[in-house]
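Data first, discussion second: the structure below is written as structure tokens.
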Amino acid sequence: MIEATLARGDEAKKQKMTSEPEVGTDTKDREDALLDEIAMRHKKVLIRRTGVIHGTLPWHDFRNAITWRRAVQIIFVLINAYIATAFYFWVRHFETNAAGAPPIRPEGVEGWLPIAGLMNLKYALTTGVMPEVHAPAMLLLAAFLLTALLLKKSFCSWLCPVGTLSEALWRTGKRVFKRSLYPPRWLDIPLRSLKYLLMAAFLYVVMAMPAAGIEAFMMTPYGLIADVKMLNFFRFIGITALITIAVLMLLSVVIPNFWCRYLCPYGALLGLLSLLSPTKIRRDPDACIDCGKCAKACPARLPVDVNRQIRSAECTACMSCVTSCPAQDALQLALPPKKIVAANGDTAQIAQRWRRCKLSGAMVAAMLALIVGGIIIGAYATGHWQTPVSDQVYRQLIPKAQMLGHP
Ligand code: SF4
Ligand code: SF4
């Protein structure tokens, strides 16, 4: 490895000579110089990624994965804000027994019914029949499971509004307090297992239900308006739930992704599936200068700077590590690389190793849009997207929603 690195020294030296910073008072220039120093200490030569300024790509660079992720996160927050508002007015129409045609029901609200989605998934898999009620809940769940199979737990860091809120909270906390808290390992591991216990409990309950029982449940008044019950939970939230949410939010300010890391059963399920994903964060030791910037940037505290690939169920494909890496072709979200030995260690050879294997931020965004959008369009075209429940039934049930208990 050292041989290969030294061999590509000529080219690197040329690059260094043109890009060597003047060590002055500017902290970022000093950071650049420090990277060269670290590389030398590890008997390596830093070949900087093209376009990198002070160790990172500028936000407006097309290749900056974080910019793509932010754009997708913002789009999903806006979509969910629209869904919540439109659904509220739709419910109010029936609650107030308003005259005329109801507003359009935003079917995307079904994405907030993961338990109904899971129940319907079991129903569909055991009977081979498409469920009638809350079919979109199942289809959206299937889309998100597919994203985990192909792109690690990208749902959490690219699509989920709770994940986005969580990230905004800890980043704000870090900016204010200049640091984040990480529980010690002896506490972190048992805490992380909580989400798997919650996931196992949900899976057990759903798997124990026979298909006929699931069908019967979905046809009960509670099952038919499970979406309205979910909205009412937040509209008429009790003091205990409110305090719980407030505590979770406060904890998220100081401990990165507290809810996601320790308690979210949805993330636990996606994380387990993500272990099968062929795309992983992969490090090329030939190009890496062992600076440790990637591990420092990882909110999941994964040893990106040590391992050749990250298999962990905690990796959310957020690509913070990739963006923070200063070295050309050292770190990628990628399929297994081609086995090309960088005999002369030049950048062209190392780049060739990753050609057609690595995924850019734009590609991840496009794949997510294709998976989720494709399933929605398919469901719409086959008539499985719109609810089959009539306005008349909603007119009867929604005003009584608060009186309906779980069957
Ligand atoms: S390893 Fe990289 S992509 Fe995975 S969670 Fe850490 S920073 Fe994000
Ligand atoms: S992979 Fe990590 S340790 Fe290696 S150069 Fe990139 S940021 Fe530094």
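What follows is calculated from the coordinates using simple rules that are stated; it is not laboratory data. Source: prediction; values computed, not measured. Positions of Cβ are generated from backbone atoms using ideal geometry, with glycine treated the same way; all protein chains shown enter the neighbour counts.
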The range 281-297: number of residues that are surrounded by 22 or more Cβ atoms within 10 Å (Cβ to Cβ) and within 9 Å of ligand 1 (Cβ to nearest atom):
2
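Residue by residue, here is whether (1) more than 24 Å from Leu333 (Cβ to Cβ); (2) out of contact with any Ser or Thr (no Cβ under 8 Å at 6 or more places or on another chain); (3) assigned to a helix (DSSP H, G or I) holds:
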position: Gly117; (1), (2), (3): yes, yes, yes
position: Ala124; (1), (2), (3): yes, yes, yes
position: Thr147; (1), (2), (3): no, no, yes
position: Thr164; (1), (2), (3): no, yes, yes
position: Arg171; (1), (2), (3): no, yes, yes
position: Leu181; (1), (2), (3): yes, yes, no
position: Lys195; (1), (2), (3): no, yes, yes
position: Ala201; (1), (2), (3): yes, yes, yes
position: Met207; (1), (2), (3): yes, yes, yes
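Please determine whether any residue of the range 299-311 is within 16 Å of ligand 1 (Cβ to nearest atom) and in a helix (DSSP H, G or I). If you could, list the steps in order and put the result at the bottom.
Step one: of the range 299-311, the residues within 16 Å of ligand 1 (Cβ to nearest atom) are 299-311.
Now drop any that are not in a helix (DSSP H, G or I), which leaves none.
Looking for residues that are within 16 Å of ligand 1 (Cβ to nearest atom) and in a helix (DSSP H, G or I), one finds none in the range 299-311, hence no.
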Scan of the range 316-341 for residues that are in a loop (DSSP other than H, G, I, E, B) and either over 22 Å from Gly271 (Cβ atoms) or within 15 Å of ligand 2 (Cβ to nearest atom) (or both), ordered by number:
Cys318, Met319, Cys325, Pro326, Gln328, Asp329, Ala330, Pro337, Lys338, Lys339, Ile340, Val341
As an exercise: evaluate Ile225 against (1) of a type in the set (A, V, I, L, M); (2) more than 20 Å from the chain's Cα centre (by Cα); (3) within 16 Å of ligand 2 (Cβ to nearest atom) and give the number of the one condition it does not meet.
(3)
Please work out if Val77 is over 30 Å from Asp329 (Cβ atoms), aliphatic (A, V, I, L, M), in contact (Cβ under 8 Å) with a residue 60 or more places away in the chain and crowded, with 20+ Cβ neighbours inside 10 Å.
no
Would you point out the residue of the range 292-306, among those that are closer than 21 Å to Ile189 by Cβ and touching a strand residue (DSSP E or B) at 6+ places or on another chain (Cβ under 7 Å), that is nearest to ligand 2 (Cβ to nearest atom)?
Val304
If a residue has to be within 30 Å of Leu231 (Cβ to Cβ) and not basic (Lys, Arg) to count, how many in the range 41-83 make the cut?
13
Which fully enclosed helices (runs of 4 or more DSSP H) of the range 342-407 have 3 or more residues being within 23 Å of Phe89 (Cα to Cα) and touching a residue at least 40 places away in the same chain (Cβ under 8 Å)?
391-397
Could you list, in sequence order, all residues of the range 277-291 that are within 6 Å of ligand 2 (Cβ to nearest atom) and either within 17 Å of Met319 (Cβ to Cβ) or out of contact with any strand residue (DSSP E or B) (no Cβ under 7 Å at 6 or more places or on another chain) (or both)?
Arg283, Cys288, Asp290, Cys291
